[in-house]
Amino acid sequence: MKKTLDPGLRRDDESSADVHGSVIPTHAGIQRLSSNDGRPLFDVIRSNRFSVLLPLLTAVIMLYAISIPWWGESSWMREVVEISCYFVFAMMWNLLAGYGGMVSIGQQAFLGFGGYIMLILGNEAGMNPFAAIPIAALATVVIAYPVSFIAFRLQGGYFAIGTWVIAEVFRLSFANLHWVGGGSGTSLIALRDIERSVRESTTYFIALACVLVVTFGVYAFLRSKRGLALLAIRDNEVAASSQGIDVGRMKLAVYLIAAGGAGLAGALYFVSNLRISPDAAFSVNWTAFAIFMVVIGGIGRIEGPIIGALLFWFLNKFFSDYGSWYLVGLGLIAIVVTIFFRDGIWGALQRRFGWSLFPTHRFLKERI
């Protein structure tokens, strides 16, 4: 008896009730697999007992975070904005490499581009820099499209190095634009007339909104049919193509989404920082730190960048004054984790306790 688990991976939109069987949607993210005679054989389960805590946990954290401007110190808000930027950038790198299988070490090209577009719109065009943040993200998606034609001509390690070269081209290009400060950079003067408390609180709330949109946007994408297709491409492009998945289009879509998210993180970071320079915006350290966060937290898991961003912020805050020894320490931590916890911290917890806040995998459970 032949059965189909997810007809949505075909290019054509076939009916779920075909001659081989059917997938009947039921409740709470569960699909029922049935045979020709309609008798259910399996349940396809994606949720678990731990994941039901996600709405409650999200509500509690967000209510606590929203209340901070009324009772907390302004330095706390700046720390949250910094963590948010790290997280958004790491989440986009995780989507690109952890789920899409495209390892890039040049994503700082789009982070810096988003930051500069925000500054140009604010300083030169007279736009409110806060309103310029989403526009900068969209502009980054636009510039990433022609860049993809160059990047996608390369594969594997050549793709990784090629993206780094592309980032260096971006850095050198903006370093030669004297009207945005050239190599020394410039300040965001468009916010000088806005009171400091208003500026900090607005940046803070935008950062919280970015975290929510990125987290649940990626989660919804990965739980969709296209997310399942993306995982298939990561595992084996040839096999995915043989199943009717448009590999090129899917990889392009993920590349553009990751670029837009990086541009969003860059615009948000430099709105908070109030100053930008090519060396700061296009530094390879951005991608190096993103790789560290994702590897430490757990690559290929939404929870990974969350754990990694919090840990990286903690290490950066309390140990960055040690200079080069701090970077050596980060490297040693990454080596230890990759040797003893290949799936990262959250991956180890998931294997040990079965925890999954953002379940995206599908499991078959036979009906008795």
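The values are calculated or read from the model by the stated rules, or taken from the named source; none is laboratory data. Note that the coordinates shown come from a computational prediction; the quantities given were computed from them, not determined experimentally. Note that we place each Cβ from the backbone using ideal geometry, even for glycine, and neighbour counts take in every protein chain shown.
Observations
- Residue selected from the range 119-132 under the condition touching a Gly at 6+ places or on another chain (Cβ under 8 Å) and in a helix (DSSP H, G or I), by the criterion modelled with the lowest pLDDT: Pro129
Listed here are the residues, each with its yes/no results for (1) under 28 Å from Leu252 (Cβ atoms); (2) touching a helix residue (DSSP H, G or I) at 6+ places or on another chain (Cβ under 9 Å); (3) in a helix (DSSP H, G or I); (4) of a type outside the set (A, V, I, L, M, F, W, C).
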| residue | (1), (2), (3), (4) |
| --- | --- |
| Trp70 | no, no, yes, no |
| Met102 | yes, yes, no, no |
| Ile117 | yes, yes, yes, no |
| Ser148 | yes, yes, yes, yes |
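- Some residue of the range 78-96 being surrounded by fewer than 24 Cβ atoms within 10 Å (Cβ to Cβ) and at pLDDT below 90: no
- Residue in the range 266-273 that is surrounded by fewer than 22 Cβ atoms within 10 Å (Cβ to Cβ) and either touching a residue at least 60 places away in the same chain (Cβ under 8 Å) or farther than 18 Å from Trp93 by Cα (or both) present: yes
- Boolean, Ile135 is closer than 21 Å to Gly260 by Cα, part of a helix (DSSP H, G or I) and free of Cβ contacts under 8 Å to residues at least 24 places away in the same chain: yes
- Some residue of the range 312-323 being surrounded by 15 or more Cβ atoms within 10 Å (Cβ to Cβ), of a type in the set (A, V, I, L, M, F, W, C) and in contact (Cβ under 8 Å) with a residue 40 or more places away in the chain: yes
- Residues that are crowded, with 17+ Cβ neighbours inside 10 Å and without any contact (Cβ under 8 Å) to a residue 24 or more places away in the chain, drawn from the range 194-220: Arg199
- Single unsatisfied condition, Ala253 versus (1) of a type in the set (A, V, I, L, M, F, W, C); (2) touching a Lys or Arg at 6+ places or on another chain (Cβ under 9 Å); (3) farther than 22 Å from Ala160 by Cβ: (3)
- Counting only helices (runs of 4 or more DSSP H) that fall entirely inside the range 257-346 and contain at least 2 residues that are within 26 Å of Met118 (Cβ to Cβ), the qualifying elements are 278-281, 285-297, 303-319.
- Unmet requirement for Pro146, which otherwise passes all of (1) closer than 21 Å to Ile120 by Cβ; (2) crowded, with 19+ Cβ neighbours inside 10 Å: (2)
- Any hit, the range 324-337, residues being among the hydroxyl-bearing types (Ser, Thr, Tyr), under 20 Å from Ile105 (Cβ atoms) and not assigned by TED's automatic domain parsing to the domain that holds Ser84: no
- Restricting the range 156-215 to residues that are assigned to a loop (DSSP other than H, G, I, E, B) and at positive phi, the residue that is nearest to the chain's Cα centre (by Cα): Gly185
- Residue identified as within 30 Å of Asp235 (Cβ to Cβ) and at pLDDT below 90 among Gly162, Gly101, Gly182: Gly101
- Pairs where the first residue, in the range 168-187, is in the same structural domain as Gln107 (by TED's automatic domain parsing) and the second is exposed (fewer than 15 other Cβ atoms within 10 Å of the Cβ) and of a type in the set (Gly, Ala, Ser), C-beta under 7 Å, 6+ apart: Ala175/Gly182; Ala175/Gly183; Asn176/Gly182
- Any hit, the range 230-251, residues being modelled with pLDDT of 90 or more and touching a Phe, Trp or Tyr at 6+ places or on another chain (Cβ under 6 Å): no
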